[in-house]
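Read through the structure below, which is laid out as structure tokens, and then see the notes.
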Amino acid sequence: MDDAGEEGGQMTYAQVEQHFNSLEGPSAQERIDCIIPLLLSLLPAPFVPAPEVEADDDDRISLTSSDSEVADAGEGHGTLVEAAPGDGEDHISRLPDLLLTDIIHRLPTKDAGRTAALSTHWRRVWAASPLLVDDAHLGDGGPKDIPIVRAVSRCVAAHPGPIGGVRITRVSFVAHEYALRRLVATLADKDVKDLILFNRPWPLDMPLPDDIFRCASLDRLYLGVWHFPKTTAACSPAFPDLRELGLFHCIVPDREFDAMLAHCPKLEVLSIVMSYGAPSRLCLASRSLQVAVDWMSMFEEVVVQDAPCLKRLLFDFQTIDNRRTIRIVRAPKLEVLGFLDLNMHDLEIGGTVIRAGVNVSAGAMVPSLKILAVTVQFACDREAKMLPTLLKCFPHLETLHILSVPSESPDNVHDMRFWETRGACECLEFWGTRGACECLESHLKTVVLNGSGSQMHEIGFLRYILREGKALKTVGLVCKDEKARNFRVSGGTNSQAFFRMVTPRWSFQTAIDLSLDDPFYLVPAEA
């Protein structure tokens, strides 16, 4: 912690605690206790849902019942029934080992382990199946819940490996540091593939064991509420096969973060959640990275230094209240950007700071971008004027998402004439003398507005975009008014544009899901 504080004055957990305690209201511990459930809600789904009620052994279906007796007893009911005494033969065990392995992987951790006691055949299948462990299946957790720590350790120790996945989110390791070190070392020795490892504070300052760098078989890694170890303890590359990395509320100094990325030559998805100034900047220099997500973190700047495969650069719109610079140096395949906050984010492309009315040269454009999401206060003169210039930076933009935010303290509030007269004149000045906006002329097909739908500034913007968008086909609205469905706009030059109802689907999981073309909104296909 002291080292992190000395390097560039970066935030430490002690400073986080001091800051929280300086605020009015709940204490630092109470605030963290509220943050942890939020962090856990963002995690990938469990391997197997936790059982709601632990069934008694007498209520379990028999493994030695005959097929005919089960069929006769359940005939006409379509539900499972308690098996009658059978012929004593183990019919399920005759299934192919591949199916038995699938059965084991669908069971909670305790029940999966119990299958090893059924027979030597089941024991062999269990030992040959990659182990899945979830502490949610082993108890309620808590700082004094020694049985859970022991149960997890015993599960991992009893299995010969490999370890398919381990999910630990309910344990405070503050009193179990030795058990933690042994657990991480054992996971490394047994080639763990998938690891979700969270520490339940309090206190906050819990060091992550150095042996995490020996988990060379990892494909996915999520770490929560840890003080990251120095990467000098790692052999390069520490994570040669890692494709997905999530750091939740972790303290990682800038130097260690940059070195860690260098240890992940195949990393595709990176997410940083609620990082409080350590690292102070998110610098993306990766030959493999495809998705980068900043979720409610306090970075001073986000720099895309050299990311030749980066397709998505995403920010949660519920950002912490701090200004930051978004610098795009080299990202030739960037297709999705957002939510770009026109109030809190300063955009810089190719060394050019993008401001309203700036001359956008070819070096300040991102031709690959297809989807842009922005938050804007339409009543704020500075932000409203920024939109026309911003669109010039993305000449091949096809979809524009606008999240309209009410303005609390607008500067130089304009009226409707901004979009009707003055806005049009300024746009002609920007575009007529310095080149037309290519995306409006030829590429922009979809615009989605998420707002009240009744503010005059929003209506003025819609009229403007319909007038200038020559290729526009769909205007999506996020509202409950069914009258907006298939509403044809009058008064605009684009008579082919239709209003449609769209559904927001923005979440942390959609942000990192590359199978979704658009992580922000679900726009109905054209009829």
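The values are calculated or read from the model by the stated rules, or taken from the named source; none is laboratory data. All of these numbers come straight from a predicted model, not from anything done at the bench. Ideal geometry is used to build each Cβ from the backbone, glycine not excepted, and the neighbour counts take in all protein chains shown. The area values use the complete protein model at the heavy-atom level, side chains included, leaving out ligands, DNA and RNA. Shrake-Rupley method; radii C 1.70, N 1.55, O 1.52, S 1.80 Å.
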Starting from the amide H of Y521, placed 1.01 Å from N in the peptide plane, find each other amide H under 5 Å away whose residue is 5 or more places distant or on another chain.
R505
Given the Cα-Cα distance of Q305 and Q318 and 0.36 nm per residue of separation, how much length would full extension add, in nm?
2.2 nm
Per-residue HN-Hα couplings for the stretch 261-266, Karplus 6.51 cos²θ - 1.76 cosθ + 1.60 at θ = phi - 60°, whole Hz, x for Gly and Pro?
4, 5, 7, 10, x, 10
Below 8 Å between Cα atoms, with a sequence gap of 6+, how large is the relative contact order for the stretch 104-259 in percent?
16
Given the Cα-Cα distance of S119 and T101 and 0.36 nm per residue of separation, how much length would full extension add, in nm?
5.0 nm
From the phi angles alone, apply the Karplus equation (6.51, -1.76, 1.60; θ = phi - 60°) to the stretch 17-33 and give each ³J(HN,Hα) in whole Hz, x where the residue is Gly or Pro.
4, 4, 5, 4, 6, 7, 7, 6, x, x, 6, 4, 5, 5, 5, 5, 4
Could you sort D191, D111, D316 by accessible area so the largest value comes first, with the probe set to 1.4 Å?
D191, D111, D316
Square roots of five times the Cα gyration tensor eigenvalues for the stretch 157-276, Å:
19, 19, 13
Mind grabbing the accessible area of H91 for me, 1.4 Å probe, Å², rounded to tens?
40
PRE zone check, label point 7 Å out along Cα-to-Cβ of C34, amide N under 13 Å, scope the stretch 198-229, hits none
Lys and Arg at +1, Asp and Glu at -1: add these up for the other residues within a Cβ distance under 13 Å of S27 and post the number.
-3
For V166, distant residues with modelled amide H under 5 Å away:
V133, D194, L195, I196
Please go through the stretch 90-136 and write out the trypsin sites (Lys or Arg not before Pro) that DSSP classes as loop and that have at most 15 other C-beta atoms within 10 Å.
R106
Ignoring ligands and nucleic acids, what accessible area does R281 show with a 1.4 Å probe (Å², nearest 10)?
70
